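Working notes, structure below.
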């Protein structure tokens, strides 16, 4: 990737964000585009007070740099993820290294005005404690990112001054910036990369300024300053060889260190791109390390610690467009890639983004992460945030540059929807926005819901999402395993959205990845809506390989179907610590009132049998949790010391507070209530199957760090979470945890009137759930087996297979719909459906005087027939048109049945009687 073949000619400065040839158009745009003018005005305003300080004291800004001013140490030593000490001697003050890899700290970072000039004291740092307000002498390792962030802030101001010099021509800005830039550059030139005394993995990930090469953010303002002040430096006869050497040194460190196969690799590549673009061609430098060299190591040459971008893109699931990290990290990988290619394209003008269509696919696939409110699920180290608008802005800029109007209009529509929903306001926050966003986006509309489907499965992050309904009736269930990077030890966990909030949230991440609260709670099983075995279920978090297996689901991931009353998944998992089989069946079922309820059947058993306990955990936002039996009698809860590491449970149990328990074998209701001013109460009612040897706990969990103002009321974001724990002192496989989640708003219709649970003695794997709906007309029967091989048999029903959901009219028993999945044979009253081979998924729904059928495998359908009646006819549809009609055939073994065969899957079949 040589610069002459890539760029066509040698480039001048500036060139990273903008060129002098583009300046006239840029200046003109600033006069007419308010958001551009606003950013520049804000930069001027923010910088002005520091310029005034500098005018009074030319050393004011440079003296605030965090340097080894007195010691001039050129050697840095670490102890794992902490700074140990520095030593040695350089001819000039050197840049201080960061204090620790862990950003969580009890101490405040001082404002620049409060930073002591030329501070360098053997006692360490003198910082204010966040809680006591008193200053203390502390070792740098206790200060979080204070050292690096002070330098970042200073160099950000220097970069702003460099830009304003280029933009306005006022020399004061260059004169303000230059001394600080060169002091930092000289200090970094004369200081070595750090050495880890423990020779741990830290040695392979350290940067020059920070503990992680992905946190070397100071590179960007340094490059920006160099680029905008290049002409000034040359006019002043400044020697720039040291600056170039520091950029090379930084590039080499990033290539040598890091993590090659996750988001790190691309964050590293972004810094390399900046370094490459600001340097001259290879021939300029004696070591041959110029623009071509670093571009090659960014895009085409892989090393042990830095995989080329072209190769990194193969990490994407090419079918789904999903990156193998939790959603919050995944979408920022997209942002990083778009930034890299935007920077490169500014130099090449060769539509670099178009060469990698997986990027566009990834942007569109990221909508599948969203709850109906437009916020991402909180799986792993993520949180409920919107998709980065920057991803859409950069695609729009690319499409406009290369005259792809149809694509530009499409993506602009999505951005417009974000803006109209109040999720995004077009305001520039940095130079990237300022120079690469289009001035105005085209006025267009887009259907955000068109980019989500009833179900979506991402196997490389073990995620299965289900959606049902729209607006106030929207319900979503996200089922999460543990796979890929930034995942938690959560078994089979769920998040549940209903009533416009994430009522059943994930707990999110802790203060930092090294903090005890994160290690012992937020990243572990007790912080998730899952089932824990023997109080010990556990495995490593972060990069982990414990996905669930998706056994059955409907509809097929990424597709929509004619039948829209049901979505479901059945997933399986082996919990490694206790070697336990676990299986979770979850379904969303829509009522005739367009409201929905959720069914959750969780099976769990130790493979070796014996004494065991299983605890079903669910937390919900709100102020109260009331538990009653079906007769509305409150249970008598007593304070307890159960659920504690003192009793052999995980340390995560120690984070539960206000623990109370009650014992009952009866079915119970658990009612979570969220109260808001001037709004009716938001209720999640759980209908819970009773069982012998079952204990109910009410506890409070730490607040969820996943929640945001888009998924819960602001007033409760820091509140403890009301948490229900249902404990079984025996295996929960043939007698699984069975729960119906029934969300509603007080004062509005509650779709569920009653729920009852039953089992079949002779068919131990069968769980039957009967749901009476509040319309007083219809009821649902859900029959769930453990596998497609299991059998369930009652009066009037025989089921060989996984699942049946049948809705009938209470008045006359009329079949409203029958949904079957993973079934080989089903007898229901006068209906018999038989697989022609593999188990099938099929829906039969009453429409007018007939039925609408959808099937995924060949089947034979027997339906009722009265002697003398006209035979039923079927119309078969493909691609929206009738392709065949047939008459039913009389069943030779039963004259009260007529049948027809469907020899393959059909999107729609209409039975007319």
Might you check whether a residue that is in contact (Cβ under 8 Å) with a residue 12 or more places away in the chain, part of a strand (DSSP E or B), within 29 Å of the chain's Cα centre (by Cα) and closer than 21 Å to residue 707 by Cα occurs anywhere in the range 645-659? yes
Can you give me the number of residues within the range 874-903 that are surrounded by 12 or more Cβ atoms within 10 Å (Cβ to Cβ) and in a loop (DSSP other than H, G, I, E, B)? 4
So, restricting to strands (runs of 3 or more DSSP E) that lie completely within the range 526-644, which ones have at least 2 residues that are touching a strand residue (DSSP E or B) at 6+ places or on another chain (Cβ under 9 Å), without any contact (Cβ under 8 Å) to a residue 60 or more places away in the chain and over 27 Å from residue 468 (Cβ atoms)? 624-629
Picked from the range 447-464 (must be out of contact with any strand residue (DSSP E or B) (no Cβ under 6 Å at 6 or more places or on another chain) and either free of Cβ contacts under 8 Å to residues at least 24 places away in the same chain or farther than 25 Å from residue 336 by Cα (or both)), the residue surrounded by the most Cβ atoms within 10 Å (Cβ to Cβ) is 453
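Report those strands (runs of 3 or more DSSP E) wholly inside the range 726-809 carrying at least 2 residues which are under 28 Å from residue 672 (Cα atoms).
Numbers: elements: 732-745, 752-760, 763-773, 778-784, 791-794, 797-809.
Correct list: 732-745, 752-760, 763-773, 778-784, 797-809.
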Can you go through 645, 580 and tell me which one is closer than 22 Å to residue 696 by Cβ, in contact with a helix residue (DSSP H, G or I) (Cβ under 8 Å, 6 or more places away or on another chain) and modelled with pLDDT of 95 or more? 645
Inspect all residues belonging to the range 846-856 and state whether any of them is without any contact (Cβ under 8 Å) to a residue 12 or more places away in the chain and farther than 23 Å from residue 816 by Cβ. no
Does the range 148-165 contain any residue that is in a helix (DSSP H, G or I), over 39 Å from the mean Cα position of the chain (by Cα) and either within 23 Å of residue 276 (Cα to Cα) or at pLDDT 95 or above (or both)? yes
Residue 857 passes all but one of (1) in a loop (DSSP other than H, G, I, E, B); (2) at pLDDT below 95; which number fails? (2)
Residue 871 fails exactly one of the following numbered conditions: (1) assigned to a loop (DSSP other than H, G, I, E, B); (2) under 39 Å from the mean Cα position of the chain (by Cα). What is the number of that condition? (2)
The residue that is surrounded by the most Cβ atoms within 10 Å (Cβ to Cβ), considering only those in the range 1-42 that are in a helix (DSSP H, G or I) and modelled with pLDDT under 95, is 3
Filter result for the condition that a residue is buried (at least 18 other Cβ atoms within 10 Å of the Cβ), in contact with a strand residue (DSSP E or B) (Cβ under 8 Å, 6 or more places away or on another chain) and not assigned by TED's automatic domain parsing to the domain that holds residue 477, over 688, 769: 769
Answer yes or no: is there a residue in the range 132-140 that is in contact with a strand residue (DSSP E or B) (Cβ under 9 Å, 6 or more places away or on another chain) and part of a helix (DSSP H, G or I). yes
Can we say residue 615 is surrounded by fewer than 20 Cβ atoms within 10 Å (Cβ to Cβ) and on the phi < 0 side of the Ramachandran plot? no
Out of the residues in the range 114-147 that are surrounded by fewer than 14 Cβ atoms within 10 Å (Cβ to Cβ) and within 35 Å of the chain's Cα centre (by Cα), which is nearest to residue 211 (Cα to Cα)? 130
Looking for whichever is touching a helix residue (DSSP H, G or I) at 6+ places or on another chain (Cβ under 9 Å) and either at positive phi or outside the structural domain of residue 205 (by TED's automatic domain parsing) (or both) here; the options are 97, 184, 118, 165. Which one fits? 118
Can you tell me which residues in the range 799-834 are surrounded by fewer than 20 Cβ atoms within 10 Å (Cβ to Cβ), within 19 Å of residue 905 (Cα to Cα) and within 41 Å of the chain's Cα centre (by Cα)? 825
Quick check on my filter: what residues within the range 857-868 are over 24 Å from residue 790 (Cβ atoms) and touching a residue at least 12 places away in the same chain (Cβ under 8 Å)? 863, 864, 865, 866, 867
Here, helices (runs of 4 or more DSSP H) confined to the range 377-465 with at least 1 residues that are modelled with pLDDT under 95 are 405-420
Filter result for residue 569 (surrounded by 19 or more Cβ atoms within 10 Å (Cβ to Cβ) and over 28 Å from residue 753 (Cα atoms)): no
Could you tell me whether any residue of the range 524-536 is modelled with pLDDT of 95 or more, surrounded by fewer than 20 Cβ atoms within 10 Å (Cβ to Cβ) and on the phi > 0 side of the Ramachandran plot? yes
For residue 324, indicate whether it is under 23 Å from residue 431 (Cα atoms) and in contact with a helix residue (DSSP H, G or I) (Cβ under 8 Å, 6 or more places away or on another chain). no
For the list (1) modelled with pLDDT under 95; (2) over 27 Å from residue 750 (Cβ atoms); (3) surrounded by fewer than 24 Cβ atoms within 10 Å (Cβ to Cβ), I need the number of the one condition that residue 520 fails. (1)
I need the helices (runs of 4 or more DSSP H) fully contained in the range 255-374, keeping only those with at least 3 residues that are crowded, with 22+ Cβ neighbours inside 10 Å and in contact with a strand residue (DSSP E or B) (Cβ under 9 Å, 6 or more places away or on another chain). 327-348
Of the numbered conditions (1) closer than 20 Å to residue 15 by Cβ; (2) crowded, with 24+ Cβ neighbours inside 10 Å, residue 211 satisfies every one except a single condition; which is it? (1)
Quickly run through the range 632-675 and pick out the residues that are exposed (fewer than 13 other Cβ atoms within 10 Å of the Cβ) and farther than 30 Å from residue 770 by Cβ. 638, 639, 641, 646, 647, 648, 657, 658
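The values are calculated or read from the model by the stated rules, or taken from the named source; none is laboratory data. Nothing here was measured: the structure is a model prediction, and the numbers come from that model. Cβ sites come from the backbone with ideal geometry, for glycine too, and all protein chains shown count toward neighbours.
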